[in-house]
Structures are given as structure tokens and as C-alpha cells.
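Q: One structure coming up, written as C-alpha cells, with questions to follow.
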Amino acid sequence: MAHPLFARLDRQLELVRRELGNVSEADRRFRALRKLTSPQSKGGGLYHEWSHCASLADGVAAIYTGLESVLEAIGNEIDEYIPRGDGSHAELLDGMAIAVRGVRPAALSEATRRLMHEARKFRHVVRHKYALELRRADVTKNLALARKLVPAFRRDYRRFAALMLAAGAARRRTRKASRTRRRN
């Protein structure tokens, strides 16, 4: 993207994409290790369920945090407002799914907003509860959610950035035409 904000956010989204790749690869390796570990192994062999769940949960939480930071940057730079206090994370997501007339289009589609809320809830569990309470089924479900969320977020972001850049270009053309008319 041609604007410094979008160049920075493009880099952030690339980091999120790579994090998703790393989490997926960690899951693949843990699963392969689990298959190699014999149930008769004393001490369970090299595979460790808690390590598997905690690793993936932290990765999924990091993915959500990376996406949320993109929305926070949009709030800071474009809206000049970021919600604070209790409920601020949910409020940020809801606000970014709404167009602000004269300021910006919606940054998130309704479907992506819902996915983000699910990922936000999981991050809350990861951050505020002990990893021992994580169930493999919940972690697996949220990894699958992250695999849907990242491409959906990227599509929404690309659409949003294109609309913002087009609107900026239109404003510049209008200002240039106005200056030209004043000189003549």
C-alpha cells in the first residue's frame, strides 16, 4: 500500500500470517510426535499433551493480538479514538465493523467481526486461566477458527485499505482542481 499507515499494517499482517504458519507447523509436529509415542512408554515418551495445548493456545492468542493491533492502529490513526476500560476489546471489534461517515468505511465485515469475537474470548481464557484448564478440543477448535479468521481479516483489511486510499486520492484530486480554478 502507498500510505505509511498501510505499509506498517501490511507488515503486521505478514507477521500474523507467519505466526499462523508457525502454529500450524507446531501442531503438525506435535501430532506426529504423539503418533510415535507408544502408550506403553514410561513417562509418556516425548509427547506431552500440556505442552501441545499450551503452545498452540499461546500461538492462537498471539494471532488474535496481532490482528487486534491492526484495528487499534486504525483507531489511533484514522478514528483518533480507541475504547478504554472494561469491554474495550469487544467495543473495538464492534466499532470497526461500522462505517464512520466522512471518516472511514467499516474495517471488518460482520462475519469477520463474529470470528474476531470468538478468538477474543479464547485469548481471554488463555491469558486469565491456567493452561492446565485448556482442553485439547477447545484448542483445536480455536486453531481451526484462526485458520478461517486470518484470510477473512486480510480480505476485509485489503478492501478497507483500497477504499481509504481511493478516498484519499479523490480528496487530493478535488483539492488540486480547486487550487487550479483559483489560480485561473
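Q: For segment 134-169, name all the residues that are closer than 17 Å to A61 by Cβ and in contact with a Ser or Thr (Cβ under 8 Å, 6 or more places away or on another chain).
A: Passing the criteria: L143, R147, L149, F153.
Q: Only one of these is within 13 Å of the chain's Cα centre (by Cα), assigned to a helix (DSSP H, G or I), in contact (Cβ under 8 Å) with a residue 60 or more places away in the chain and buried (at least 16 other Cβ atoms within 10 Å of the Cβ): A62, A73. Name it. Talk me through it step by step, then tell me what you get.
A: On the way: A62 fails: in contact (Cβ under 8 Å) with a residue 60 or more places away in the chain.
One residue alone meets the criteria, A73.
Q: Just checking, does segment 158-179 include any residue being of a type outside the set (D, E), exposed (fewer than 11 other Cβ atoms within 10 Å of the Cβ), modelled with pLDDT under 90 and farther than 26 Å from H3 by Cβ?
A: No, the conditions are met nowhere in segment 158-179.
Q: Residue under question is M116, and the condition is that it be more than 23 Å from D27 (Cα to Cα), crowded, with 21+ Cβ neighbours inside 10 Å, of a type in the set (A, V, I, L, M) and at pLDDT 95 or above; does it hold?
A: On the way: more than 23 Å from D27 (Cα to Cα): no; crowded, with 21+ Cβ neighbours inside 10 Å: yes; of a type in the set (A, V, I, L, M): yes; at pLDDT 95 or above: yes.
Considered against the rule, which asks whether it is more than 23 Å from D27 (Cα to Cα), crowded, with 21+ Cβ neighbours inside 10 Å, of a type in the set (A, V, I, L, M) and at pLDDT 95 or above, M116 comes out as no.
Q: Let me ask something additional. Collect the residues in segment 77-94 that are of a type outside the set (A, V, I, L, M, F, W, C) and without any contact (Cβ under 8 Å) to a residue 40 or more places away in the chain, keeping them in residue-number order.
A: Quick first cut of segment 77-94, residues of a type outside the set (A, V, I, L, M, F, W, C) only: 77, 79-81, 83-89, 91, 94.
Passing the criteria: D79, E80, Y81, P83, R84, G85, D86, G87, S88, H89, E91, D94.
Q: Can you pull out every residue in segment 90-112 that is in a helix (DSSP H, G or I) and buried (at least 19 other Cβ atoms within 10 Å of the Cβ)? Step through it out loud before you land on a result.
A: As a first pass, look at segment 90-112 and keep what is in a helix (DSSP H, G or I): 90-96, 110-112.
Hits for segment 90-112 are L92, L93, G95, M96, T112.
Q: Search segment 130-153 for residues that are farther than 15 Å from E49 by Cβ and surrounded by 12 or more Cβ atoms within 10 Å (Cβ to Cβ) and pair each with any residue that is modelled with pLDDT of 95 or more and polar (S, T, N, Q) when their beta-carbon atoms are under 7 Å apart and the residues are at least 6 apart or on different chains.
A: Here the result reads A152/T112; F153/T112, each pair linking segment 130-153 to a residue that is modelled with pLDDT of 95 or more and polar (S, T, N, Q).
Residue-wise test of (1) within 28 Å of A99 (Cα to Cα); (2) in a helix (DSSP H, G or I); (3) in contact with a helix residue (DSSP H, G or I) (Cβ under 7 Å, 6 or more places away or on another chain); (4) not aliphatic (A, V, I, L, M).
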| position | (1), (2), (3), (4) |
| --- | --- |
| E19 | no, yes, yes, yes |
| E25 | no, yes, no, yes |
| R28 | no, yes, no, yes |
| R31 | no, yes, no, yes |
| R34 | no, yes, no, yes |
| L46 | no, no, yes, no |
| W50 | no, yes, yes, yes |
| E77 | yes, yes, yes, yes |
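Q: Same structure, new question: Given the criterion under 23 Å from F122 (Cβ atoms) and surrounded by 14 or more Cβ atoms within 10 Å (Cβ to Cβ), identify the matching residue among L5, L13, L33.
A: Working: L5 fails: under 23 Å from F122 (Cβ atoms); L33 fails: under 23 Å from F122 (Cβ atoms).
The conditions single out L13.
Q: Follow-up. Being of a type in the set (D, E, K, R) and within 15 Å of the chain's Cα centre (by Cα) is the filter here; which residues of segment 102-128 pass it? Please lay out each step first, then the result.
A: Applying the first criterion (of a type in the set (D, E, K, R)) to segment 102-128 yields 104, 110, 113-114, 118, 120-121, 123, 127.
Those that are of a type in the set (D, E, K, R) and within 15 Å of the chain's Cα centre (by Cα): E110, R113, R114, E118, R120, K121, R123.
The values are calculated or read from the model by the stated rules, or taken from the named source; none is laboratory data. This structure is a prediction, so every number in the text was calculated from the model and none was measured. Cβ: placed from backbone, ideal geometry, glycine included. Neighbour counts: every protein chain shown.
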